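Asker: Below are the structure tokens for one structure; questions will follow.
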Amino acid sequence: MSLISRLSARLQNHPKRIVFPEGTDARVIQAARQFVVKKLGVPILIGDRQRIKVNAARLNISLEGIRIVEPERSDELKSFAEKLESIQRYGNTNLQGNPAELALNPNYFACLMVATGGADALISGATLHASSGLRAILQVMPRQAGVETVSSMQILESEEGKFGIDGVLFLADCGVIPDPTAEQLADIAVTTAGLAGHLTNTTPKVAMLAYSTHASNPRLASVKKVQVATDLARRKARELGITCDIDGEMQADAAINPFAAQSKEVEGAVAGRASVLIFPDLNSGNIASKLAQHIADIPAYGQILTGLERPAAEISRGASAHDIFGTAVIVAAQAVDKSYLFPKLKDGPAA
């Protein structure tokens, strides 16, 4: 059973509200319908009601069970504008623009819904450049306690199940920080591991990737950065109480292929069995994830944002309705407490 199928089965007992700021997009409407049909919760589409109805009719899609919100007609508009004004005045962010006008922006409105508890998770990016959707998220959504860095995670799932956790690999950062510092890499590793453990109920095995493995005297500063980040990540994971195995620096083949790890005499809990791959920079992470998707034809979900207090995702403009639905399932599951998502049986093991 795929990760999306497993999480969907559990979500039926803990339905969530997912807000889509690009509610008029056909793919979003299709994903929202699937979310309702599978009884996973309530999709909230932000946008012009009439336009959404017309687009749904063209697709022969029922809007029953789907909530539509027009910001300009919302009773929450005034309080949202006041919230933005407070952020602009006292927040540690460079919020530009008139708060009343920003509150009308679907991206800011959706972020405010999640930040104030009106929705459980957010998915944006279907029609926007990544920077446009991210700006609202980074300015409005609060950070996870103990973490300074917001990054992104891509989830790949192979039907063959050879790698990761039953074929599921978590890749980061693939969409936010171009050249992370050692401290940022450590944050990325820990927040990604925490979410991987939340979604799979396993102990994540985190590989801090580089072009070399356990170099005793690294020649490049980029490799030294990964080594420092590995030690920082281990300490931060302990401080935050996140259970995971972390090793690095490590080559990609030694991280995911047991034979390669054995041949290169790489030992440890992570070697050949990594389920979380942390890339040294955005170039390598983004390139690797897209190559895997298009050459190996592996389903991909995300980008899932990590380091935030509440679940959010910034999808690609090229995402299909299937991709959007899968990402919706993931952020919805993220909004469920792990103890409820994986309740223990009387005999002890997780359900």
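Every number in this text was worked out from the coordinates using simple rules, so none of it is lab data. Just so you know, these numbers come straight off a predicted model, no measurement behind them. With ideal geometry, Cβ positions are generated from the backbone for all residues, glycine too; neighbour counts draw on all protein chains shown.
Asker: Quick one: 3J(HN,Hα) in Hz for segment 60-73, Karplus 6.51/-1.76/1.60 with θ = phi - 60°, rounded, Gly and Pro as x.
Answerer: Per residue, the Karplus-derived 3J(HN,Hα) values read 6, 10, 6, 9, 4, x, 10, 8, 10, 10, 9, x, 5, 9 Hz.
Asker: For Ile18, what is the net charge nearby, where nearby means another residue's Cβ is under 11 Å from its Cβ and Lys, Arg count +1, Asp, Glu -1?
Answerer: Net local charge, Ile18 excluded: +2.
Asker: Could you tally the net charge around Gln262, taking each other residue with its Cβ under 13 Å from the Cβ of Gln262, Lys/Arg +1 and Asp/Glu -1? If you can, show how the numbers build up before the last one.
Answerer: Working: positive: Lys264, Arg273; negative: Asp253, Glu265, Glu267.
Around Gln262, the surrounding residues sum to -1.
Asker: Once you keep just the Cα pairs under 8 angstrom separated by 6 or more residues, what percentage relative contact order results for segment 1-91?
Answerer: 26 percent
Asker: If I take every Cα pair under 8 Å that is 6 or more residues apart in segment 147-307, average their sequence separation and divide by the length, what percent do I get for the relative contact order?
Answerer: 37 percent
Asker: Same structure, new question: Could you rank the peptides 134-141, 273-280, 202-209 by their average count of other C-beta atoms within 10 Å per residue, with the highest value first?
Answerer: 273-280, 202-209, 134-141
Asker: Turning to a different aspect of this structure: Taking +1 at the Cβ of each Lys and Arg and -1 at the Cβ of each Asp and Glu, which of Ala26, Asn60, Ser74 sits farthest along the dipole of segment 2-107 towards its positive end, judged by Cα position relative to the Cα centre?
Answerer: Highest projection toward the positive end goes to Asn60.
Asker: Ok, one more. Which ³J(HN,Hα) values, rounded to whole Hz and listed in residue order, are derived for segment 250-264 from phi using the Karplus coefficients 6.51, -1.76 and 1.60 in 6.51 cos²θ - 1.76 cosθ + 1.60 with θ = phi - 60°, glycine and proline given as x?
Answerer: Running phi through 6.51 cos²θ - 1.76 cosθ + 1.60 with θ = phi - 60° gives 8, 6, 4, 5, 5, 6, 10, 10, x, 5, 5, 4, 5, 5, 8 Hz.
Asker: Oh, and also: Going highest first, how would you order 108-121, 231-244 by mean Cβ packing within 10 Å?
Answerer: Numbers: 108-121: 22.9, 231-244: 17.1.
Per-residue mean Cβ counts within 10 Å order the peptides as 108-121, 231-244.
Asker: Output the peptides 210-219, 249-258 sorted from most to least packed, where packing is the average of other Cβ atoms within 10 Å over each peptide's residues.
Answerer: Numbers: 210-219: 15.4, 249-258: 21.9.
My ranking of the peptides, most packed first, is 249-258, 210-219.
Asker: Could you work out the local net charge near Gly167, counting Lys and Arg as +1, Asp and Glu as -1, over the other residues with Cβ closer than 14 Å to its Cβ?
Answerer: Around Gly167, the surrounding residues sum to -2.
Asker: For segment 274-329, what's the relative contact order in percent, using C-alpha pairs closer than 8 Å and at least 6 residues apart?
Answerer: Across segment 274-329, relative contact order equals 23 percent.
Asker: Which of the aspartates and glutamates could be linked to Lys83 by a straight reach, that is with a Cα gap under 13 Å, when you skip same-chain ones fewer than 8 residues away?
Answerer: The qualifying aspartates and glutamates are Glu101.
Asker: Can you work out the FRET efficiency for the pair Thr127 and Glu85, with r the C-beta to C-beta distance and R0 = 30 Å, to the nearest 0.05?
Answerer: Details: r = 27 Å, r/R0 = 0.92.
With R0 = 30 Å, the Cβ-Cβ based efficiency is 0.65.
Asker: So who's got an amide H within less than 5 Å of the one on Ile68, skipping anything under 5 residues away but keeping other chains? H placed 1.01 Å off N, in plane.
Answerer: Here the answer is Leu45, since their amide H atoms fall under 5 Å of that of Ile68.
Asker: Do any GluC sites (Glu not before Pro) in segment 79-174 lie in a DSSP loop with no more than 13 other beta carbon atoms within 10 Å, and if so, which?
Answerer: Glu148, Glu159, Glu160
Asker: Cα to Cα, under 26 Å, and not fewer than 8 places away if on the same chain: which lysines meet these conditions relative to Lys205?
Answerer: By straight Cα distance, Lys205 reaches Lys162, Lys224, Lys225, Lys236, Lys264, Lys290, Lys338, Lys344.
Asker: Dipole magnitude of the chain about its Cα centre, charges +1 at Lys/Arg Cβ and -1 at Asp/Glu Cβ only, in debye to the nearest 20?
Answerer: 660 debye
Asker: Could I ask something else about it? Which cross-chain or sequence-distant (5 or more) residues have an amide H under 5 Å from the amide H of Ala121, H modelled 1.01 Å from N in plane?
Answerer: Correct list: Arg17, Val19.
Asker: With unit charges on the beta carbon (Lys/Arg positive, Asp/Glu negative), name the residue among Pro218, Ala189, Gln144 whose Cα is farthest towards the positive pole of the charge dipole of the chain.
Answerer: The residue sitting farthest along the positive end of the dipole is Gln144.
Asker: List the residue ranges in the chain for DSSP H helices whose C-alpha atoms run 15 angstrom or more along the long axis and whose Kyte-Doolittle average is 0.5 or above.
Answerer: Both cut-offs are met by 26-37, 130-140, 182-200, 321-334.
Asker: Under unit Cβ charges (Lys, Arg +1; Asp, Glu -1), what dipole magnitude, rounded to 20 debye, does segment 190-348 have relative to its Cα centre?
Answerer: 240 debye
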